[in-house]
Structures are given as structure tokens and as C-alpha cells.
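Nothing in this text is a laboratory measurement; each read-out follows from the coordinates by a stated rule. This structure is a prediction, so every number in the text was calculated from the model and none was measured. Heads up, the Cβs are rebuilt from the backbone with ideal geometry, glycines too, and the neighbour counts pull from every protein chain shown.
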Amino acid sequence: MTNHEAFVGFDVHKETIAVAIAKGGAGGDVCGFGTIKNSKQAVALLARKLARTHGKLSFCYEAGPCGYAIYRQLADLGHDCQVVAPSLIPTKPGDHIKTDHRDAVTLARLLRAGELTAVWVPDQAHEAMRDLVRGRIAVMQSVRKARQQLQGFLLRQDLRYPGKSPWTKLHRDWLRSLTFAYPAHHVLVHELLHVIEEGQRRQQRIEQQIQALLPTWSMAPIVRAIQAMRGVSVIAALTLAAEIGDFRRFDNPRQLMA
């Protein structure tokens, strides 16, 4: 990485970006540059300004809730950029004080030293499919949480389903037939049932859309290959492909499973 004139660390937040610069060469200065607004205009202006001053640049920032927009913008502008894995950033013993400025300085210094581990950045089409897959998972989690809440309520009320299998139509009919001394409990049971049933309908709609979109997705051949394993459904295969992304970035199965 010694071909770069400067290495730029970003500590990215929703509204702001703390910036630090490490000059090329092992003994070069590392200093804070200040804070800019987290906007395309501000990032573009900063990149132009730094390029005029330092020449070739390499940027980095931690993977997080702000996603890959900054990475894609800097790549489109012709700059190198890494989105780094926060869990793999080297730390010093006793270094527990974290500020935006210090985090940006640390990133710039470690980028120059080549000690950061970049994450794989999906293209926008892949990210869109992954977002849909994660939306399905979020719906399933909301259904599971509502079921747990309802089961906990029934346990506290010492109400036990006389049938065998829960969450069948018979079980739901039994839940609707329950009567309570207080109207609030009646409302609670019916609202949780509504959350569960509506969530299941949403899950079905999302799964139908996922299967409809699959033939046009770039990773459709990978999904079909995963399905060749016995017992793997199309949704399970697609979820794995969406989360893993480029399987070629792993040298061996052990690395993939890690």
C-alpha cells in the first residue's frame, strides 16, 4: 500500500464523519482533519481537496448501519476504499477510550500499516436481494416473539391447550374461544393472534416474491447448485447465497464456516 500518498480514516455516523489522515511512509504523521457532514456533496468536496494536497488516496471506514454508499461513491470517484470489519480491528491492551477523532486516527494508521481486514462489499443488486431476505427473517422473528408473548401469558393464567400440536387452526380456534374476567386480556390475546397471522401472511408474500425474482438474479446458478444438496429448499439456498455472497473469497471450507 506504499503507492498511496495518504491514507484516510473515516469514523462514520448518521449525520457526521470524523476524518483523519496518515501520510505515506511508516514514519509519516497521523492527524485528525476534522469533521464533515455525512453527505455526498461533503464527501466529494473532501476527496477533491485531499487529492489536490496529497495526491493518490486510500480511504477506509468501519462496516456499520450507514452501509456502503460512501464506499461506492469513492470508488466511482476513482479512489481506493475499504469497508473494514470492526471485530477484526487490532486493539492495544488498555485502550478503552473511544472518541470519533481517535477512532478515525486509528483507522488511518492501521490502513497505512496494512493491518485492517476488509469485508466483501456486494453490488447494489445483490444487496437488494439480501435486504429482502433479511426482511423475511425480521418478519419471522416478530412472529416468534409474538408467539412467545402469548405462550407466556397463557402460562401465567394457567391456561393449557388440550390438543397436541400448537399453532394449528384448531389451536388458534381454541385461543379465540377463551374468555377472560378482564377485557384487557381478551384484547391482548386477539392482538397477538393478529400479529402472528398477519406475520405469516407477510412471510408467504415475501417468499413468493423472492422466488419470482430469483431467475433474474446473478446468483441463481449458485442457488441451484446449493439446492443439489439433499433437503435444501430454494429459500434456504437463496438465503445462504445472499448472506455469503462471493464464495470465491474463501480459500477452503474451514474458512467459510468460520
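Potential lengthening of the chain between residue 69 and residue 213 amounts to 49.5 nm, from the contour at 0.36 nm per residue minus the alpha-carbon distance.
The string of couplings for the range 58-75 from the Karplus curve (6.51, -1.76, 1.60, θ = phi - 60°) is 10, 10, 7, 7, 6, 4, x, x, 7, x, 10, 4, 5, 4, 5, 5, 5, 5 Hz, one whole number per residue in order, with x for Gly and Pro. The antiparallel fraction among DSSP beta bridges confined to the chain stands at about 60%. Where both bridge residues fall in the range 6-113, DSSP classifies roughly 60% of the beta bridges as antiparallel.
Candidate cross-link partners of residue 56 among the aspartates and glutamates, defined by an alpha-carbon separation under 15 Å and a same-chain spacing of 8 or more, comprise 5, 76, 80.
Quote the FRET efficiency, to the nearest 0.05, computed for residue 246 versus residue 181 with a Förster distance R0 of 51 Å and r equal to the Cβ-Cβ distance. Calculated transfer efficiency: 0.30.
Note on residue 193/residue 236: beta-carbon distance plugged into 1/(1 + (r/R0)^6) with R0 of 22 Å gives a FRET efficiency of 0.20. Couplings for the range 147-159, taken from phi via the Karplus curve 6.51 cos²θ - 1.76 cosθ + 1.60 with θ = phi - 60°, read 4, 5, 4, 5, 5, x, 4, 4, 5, 5, 8, 6, 9 Hz in order; Gly and Pro are left as x.
By per-residue mean of other Cβ atoms within 10 Å, what is the highest-first order of 242-248, 230-236?
242-248, 230-236
Distance between the C-alpha centres of the range 191-215 and the range 1-68: 42 Å, rounded to the whole angstrom.
Arranged from fewest to most other beta-carbon atoms within 10 Å of their beta carbon, 185, 194 become 194, 185. One decimal place: the segment residue 172-residue 51 gains 37.1 nm when fully extended, by the rule 0.36 nm per residue minus the C-alpha distance.
Determine, for 193, 57, the number of other Cβ atoms within 10 Å of each Cβ, and report the residues in order from fewest to most.
On the way: 193 16, 57 22.
In increasing order of surrounding Cβ atoms, one gets 193, 57.
Using only Cα atoms, locate the centre of the range 95-161 and the centre of the range 241-258, then give the distance between them in Å, rounded to an integer. Spelled out, the Cα-based centre of one part sits 19 Å from the other. Extending 7 Å from Cα along the Cβ direction at residue 159 and again at residue 205 yields two label points whose distance is 2.8 nm.
Here the gap between residue 125 and residue 141, fully extended at 0.36 nm per residue and compared with their Cα-Cα distance, gives a gain of 3.3 nm.
Rounded to the nearest 20 debye, the dipole magnitude of the chain is 580 debye, with +1 charges on Lys and Arg beta carbons, -1 on Asp and Glu beta carbons, and the Cα centre as origin.
Just check the range 6-113 against the gyration tensor rule for me: Cα atoms, a ≥ b ≥ c as the square roots of the eigenvalues, rounded for a/c under 1.5, and otherwise prolate or oblate depending on whether a/b exceeds b/c. Because a/c hits 1.5 or more and a/b fails to exceed b/c, the range 6-113 counts as oblate.
Per DSSP helix of 4 or more residues, -39500 (n - 2.57); summed, then divided by the residues of the chain. What does that give at 222 nm, rounded to the nearest 500? Let's see the in-between values first.
On the way: 9 runs with 134 residues, N = 258.
Estimated from H runs of four or more residues: -17000 deg cm²/dmol.
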